[in-house]
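Peer 1: Please see the structure below; I have some questions.
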Amino acid sequence: MMKTKRTHLWALILTVFLLLALVLIFILFRNQLNKKLQETAETQLALNASAISAVFYTKLDDQLTMLESQARYFQTIDLSDYNDMKNTILSTKGIGGFKTIGVANSSGATINYNGTSSGNIYLNDYYQEAMQGENAISESTIIDEEGDEVLVLAVPIRRVDGISGVIYGTFTKSTLNSIIDSVSSSEEDAHLLINADGELLAKTSSSSISRTASLLEDVIPDAMLPADGSSKILYYNVNGKKYLAVLVPIGIHDWYFANILPESVVSQQSSQIMIYVVLTVVGVIAVFGIALLYILSLLRRNDRISDANERFRLAAAQSHNIIFSYDYKSHFMTIEGNAQLIIPHIKPEYSLSDIESFLKLIHPEDANIRSQFNSIPKMEQSAFLSEFRLKCTDSNYYWFRMNASVIRDEHGKPAQLIGSLFNVDEQMNKEMKLIERAETDSLTGLLNKGAFHTKLCKILEEREDTSILALFIIDLDNFKAVNDNLGHAMGDQVLSDVADKLSVIFGNKNIVGRIGGDEFAAFLLIENAEPSKAKQLITQKASLICERLKENYNAYKLEVHVSASVGIAICPRHGSAYDVLYKKADTALYHVKKNGKHIYAFYQEEEHHEEEI
């Protein structure tokens, strides 16, 4: 009896000690949770700001590309002749959603598409930069002749003898705001575009944080932009309310993109998680009390141990993790947790043949994980972290993150591999959609100009010496007449139609891109082909483009004929760098446009009459 009382006393002391330890762990966990949520919020805001600023940069770059395509029409125009300038500029009305499109000659004198003048812009920063041969964006908004705040985009008009003038377009502040609004998620946060002087060039109109602001200091008191062009994280108070702000440079002038979020949103998440944690702790304490009663009874009946082990196995099966342990000596694996995701029939142990079957469930594009798993005994590292797609019991692939560690024996050889698999499919899909959105042209679904450039540069870098690559630059003939006569909605339909046809011709959208308003590009990689056969295949593709893209479009009882002109450059015959191939394909396209359109042409050196691949 005395021994039993002493046992109960020690059990009570142990219970109190463990409860105090749980309280201490709970307090430490809460502090760490708040810190981790704060770091996560900072990271997420920075990633969102970077992604959105990249989208904004791409939109401006697309508009500059559109102005470049219009600058061709002024290359042969005498910009000192007012009537000649006026007749040509009138044809640019409505291009690209600009409020105004104008042309300035070498003295800075201007004329707009409506036949009026914006005054002399010779001293403006964007004009001077464009006259130096660079695409330019004004460093801040300016007041135009109608009293609107506008941002100016300008590109040089090039001639053989130099730069003869500038073509420019203006965006109103409301248009810039609408671009920012299109990526804003809620009224809780705010997105701002800020110039080097702290002026707000654009902002979310729906957010209460920035609705009436015109300067950065109106939103963030005493805020200073980073002097070194780096990102910056700020915490500040306004009217007793705390905010978290992330400033990210966008790569234009010294402009910054700001993403602002009330700190209450982060603390709200922390409170919700803490509610779950408290419930979990209460549950753990309850389970611990029950387990303690079992332990006291196990002093008398050892057979209860097997029941406790079974309870543990069932609890592990309810978790989201899949826990595995592989023994290198017996070549058997045990799996605990939510294994039903990947295994239809649960077994106590899995043999080497079972493991080989598991490895075959890995997505073919992630097959390197198989070789990594098989080569672990030869590696010196002890920890492994990787992400891959796994085929589950519903026959669909899901993303998993594997975190594994190798336990080695006294000789340094692997004895066990212990790790866990966690389903991260939702997170990975969100990240991939964000990347895809930044790389895809929103109208056609093709690669945008930046993504096409990146992909082709990578292909050129990895190209084998025995392969031949053809770059096609495709420009639509008479597309402007579609917008002018049939409307911009029909113009968008024509561009989408052309994109679909090019995707069918080349068989894969990943090798076709939209690089301008009505300009497309595609590349064809031919492995181990004879030059004559390669040229025949390239010629067939070019002919097919001209044939398939020839179409009549009708609306409002009007009909417009659209066709395509194609310029082609060959790697390595004409060069092996993207810029060189693009320039030569564009030169070939220029000759096509000059000599009747609706045909294709290979780039030809001046001294050669027939290009050989």
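The values are calculated or read from the model by the stated rules, or taken from the named source; none is laboratory data. The structure presented is a predicted model; accordingly, all values stated were derived computationally and were not measured. With ideal geometry, Cβ positions are generated from the backbone for all residues, glycine too; neighbour counts draw on all protein chains shown. To get the accessible areas, we keep the full protein, side chains included, count just its heavy atoms, and leave off ligands, DNA and RNA. Shrake-Rupley method; radii C 1.70, N 1.55, O 1.52, S 1.80 Å.
Peer 1: Inside segment 384-437, can you point out the residues that are open to solvent by less than 40 Å² (accessible area, probe 1.4 Å), closer than 20 Å to A51 by Cβ and aliphatic (A, V, I, L, M)?
Peer 2: Correct list: V424, M428.
Peer 1: Select from segment 284-341 the residues that are modelled with pLDDT under 60 and in contact with a strand residue (DSSP E or B) (Cβ under 6 Å, 6 or more places away or on another chain) and write down the one among them that is farthest from N423 (Cα to Cα).
Peer 2: Only one residue fits best here, namely A316.
Peer 1: Right, here's the next one. Being surrounded by 19 or more Cβ atoms within 10 Å (Cβ to Cβ), modelled with pLDDT of 90 or more and among the small types (G, A, S) is the filter here, so list the residues in segment 482-517 that pass it.
Peer 2: G491, A499, G513
Peer 1: Checking D78 against (1) outside any helix (DSSP H, G or I); (2) open to solvent by 70 Å² or more (accessible area, probe 1.4 Å); (3) at pLDDT below 80, which single condition isn't satisfied?
Peer 2: (3)
Peer 1: Looking at segment 409-426, is at least one residue without any contact (Cβ under 8 Å) to a residue 60 or more places away in the chain and within 18 Å of the chain's Cα centre (by Cα)?
Peer 2: Checked segment 409-426: at least one residue is without any contact (Cβ under 8 Å) to a residue 60 or more places away in the chain and within 18 Å of the chain's Cα centre (by Cα).
Peer 1: I've got another one for you. Within the group E145, E68, which residue is among the charged types (D, E, K, R) and either touching a His at 6+ places or on another chain (Cβ under 9 Å) or part of a helix (DSSP H, G or I) (or both)?
Peer 2: E68
Peer 1: May I pose another question? Across segment 451-464, what is the number of residues that are free of Cβ contacts under 8 Å to residues at least 60 places away in the same chain and farther than 16 Å from V580 by Cβ?
Peer 2: Number of matching residues: 4.
Peer 1: Ok, one more. Which one of the conditions (1) farther than 23 Å from D61 by Cα; (2) open to solvent by 20 Å² or more (accessible area, probe 1.4 Å); (3) free of Cβ contacts under 8 Å to residues at least 40 places away in the same chain does S106 fail to meet, given that it meets all the rest?
Peer 2: For S106, the exception is condition (3).
Peer 1: Oh, and also: Counting only residues that are in a helix (DSSP H, G or I) and under 15 Å from M333 (Cβ atoms), which one in segment 357-369 is least open to solvent (accessible area, probe 1.4 Å)?
Peer 2: Among them, the one singled out is L359.
Peer 1: Could you please let me know if L524 is farther than 23 Å from T65 by Cα and touching a Leu at 6+ places or on another chain (Cβ under 6 Å)?
Peer 2: So L524 does not fit the description; no.
Peer 1: Give me the residue from segment 446-460 that is among the aliphatic types (A, V, I, L, M) and not in a helix (DSSP H, G or I) and, out of that set, surrounded by the fewest Cβ atoms within 10 Å (Cβ to Cβ).
Peer 2: Ranking the qualifying residues of segment 446-460, first place goes to L447.
Peer 1: Among the residues of segment 572-589, is there at least one that is closer than 18 Å to F506 by Cα and either open to solvent by 30 Å² or more (accessible area, probe 1.4 Å) or among the basic types (K, R) (or both)?
Peer 2: Checked against the condition, which is being closer than 18 Å to F506 by Cα and either open to solvent by 30 Å² or more (accessible area, probe 1.4 Å) or among the basic types (K, R) (or both), segment 572-589 yields no hits at all.
Peer 1: What is the one condition in (1) open to solvent by less than 60 Å² (accessible area, probe 1.4 Å); (2) more than 30 Å from N83 (Cβ to Cβ); (3) of a type outside the set (D, E, K, R) that S164 does not satisfy?
Peer 2: (2)
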